[in-house]
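The values are calculated or read from the model by the stated rules, or taken from the named source; none is laboratory data. These numbers were taken from a predicted model, which means no experiment stands behind them. Please note: Cβ atoms are built from the backbone with ideal geometry, for glycine as well, and neighbour counts cover all protein chains shown. These area figures cover heavy atoms from the full protein model, side chains too; ligands, DNA and RNA do not enter into them. Shrake-Rupley method; radii C 1.70, N 1.55, O 1.52, S 1.80 Å.
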Amino acid sequence: MLSDQELLRYSRQILLPQIDVDGQLRLKQSRALIVGLGGLGSPVALYLAAAGVGALHLADFDSVDLTNLQRQVLHDTPSVGQSKVDSALARLAALNPEVALRPLRGALDADSLAAAVAAVDLVLDCSDNFATREAVNAACVAAGKPLVSGAAIRLEGQLSVFDPRSEDSPCYHCLYGHGSEAELTCSEAGVVGPLVGLVGSLQALEALKLLAGFGEPLVGRLLLVDALTSRFRELRVRRDPQCPVCGARHGQ
Ligand SMILES: [Zn+2]
């Protein structure tokens, strides 16, 4: 059930016929894992907490650095030096005390990552390195959990949704497994703040659609954002039947 306070807090989205009270209840009953509380994880965590996703599991091993604040708007100047998880807990609890917050401090190994993915309904990859992205993808495929994946570097952003519950859905490895410049990090290549804000906001939107059950998710499609020209492009992404990560899933 939703309290009067919750009906009021979420009234502007409950007004949408695509969400309504039923969709809001589905959000309240949902649990999402956010891997990485940086530039992408900031809008993701803020918007999902604000929207009333019932439980947010927050994973990050890093602490807040002054160079983060240009884009990681979840954190602020007094939180420099604090762990990102603790900084996020304080901010999100103040934003919406209705949301249950579960901290996951420290780096996730294969076992703890599998457990973290198994404990939620949906995963948002907001990390900044290829190894983590591959590990999160493998855990999501193994557990059959949808993965909302975003990336931004320099002036380019990418976004896609991988849903192992769907027969045709590719996984992250189908798309990126052959290697690319994914190893570049923002600390080396640079990135503009509103671009990660944009891609993270789109990740939050995709998560709300999947959890509340409305709209058409970005499955089998890769959205490319060019910040320099303000152009969006979309590529169709097919599942690789030979993919070592998800191929066996359909192999029988
Ligand atoms: Zn695959």
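Derived scalar couplings between HN and Hα for the range 17-24 equal x, 6, 10, 6, 5, 4, x, 5 Hz in order, rounded to whole Hz, by the Karplus curve 6.51 cos²θ - 1.76 cosθ + 1.60 (θ = phi - 60°), x for Gly and Pro. Working ranking of peptides 63-71, 166-174 by packing, defined as the average number of other Cβ atoms within 10 Å per residue, highest first, is 166-174, 63-71. Is the range 1-90 best put as rounded, prolate or oblate by its Cα gyration tensor, with a ≥ b ≥ c the root eigenvalues, rounded for a/c under 1.5, and otherwise prolate when a/b is larger than b/c, oblate when not? Because a/c hits 1.5 or more and a/b exceeds b/c, the range 1-90 counts as prolate.
The string of couplings for the range 37-44 from the Karplus curve (6.51, -1.76, 1.60, θ = phi - 60°) is 10, x, x, 7, x, 4, x, 4 Hz, one whole number per residue in order, with x for Gly and Pro. Using the average count of surrounding beta-carbon atoms within 10 Å as a protection proxy, the listed peptides 32-40, 156-164, 125-133 rank, highest first, as 32-40, 156-164, 125-133.
Scalar couplings 3J(HN,Hα) for the range 151-158, obtained by applying the Karplus form with A = 6.51, B = -1.76, C = 1.60 to θ = phi - 60°, are 8, 8, 8, 6, 10, 10, x, 9 Hz; x denotes Gly and Pro. Each of PHE232 and ARG102 was given a label point 7 Å from its Cα along the Cα-to-Cβ line. The distance between the two points is 3.2 nm.
First check a/c for the chain, with a ≥ b ≥ c the square roots of the eigenvalues of its C-alpha gyration tensor; if it is under 1.5, answer rounded, and if not, answer prolate when a/b is larger than b/c or oblate otherwise.
Rounded, because the longest to shortest axis ratio a/c is under 1.5.
Sequence gap at least 6, Cα distance under 8 Å: using those rules, report the relative contact order of the range 4-250 to the nearest whole percent. In percent, rounded to a whole number, it is 20.
By DSSP, what percent of the beta bridges with both residues in the range 4-250 are antiparallel, rounded to the nearest 5? That works out to approximately 45 percent antiparallel.
With all protein chains kept in place, the per residue accessible area of the range 4-250 amounts to 46 square angstrom at a probe of 1.4 angstrom.
For ARG221, the residues 5 or more places off, or on other chains, whose built amide H falls under 5 Å of its own are VAL161, VAL237. Just the protein heavy atoms count here, and of the accessible area of the range 4-250 at 1.4 Å, carbon and sulfur take up 54 percent. Protection proxy ranking of 2-11, 191-200, by the mean of other Cβ atoms within 10 Å over each peptide's residues and highest first, is 191-200, 2-11.
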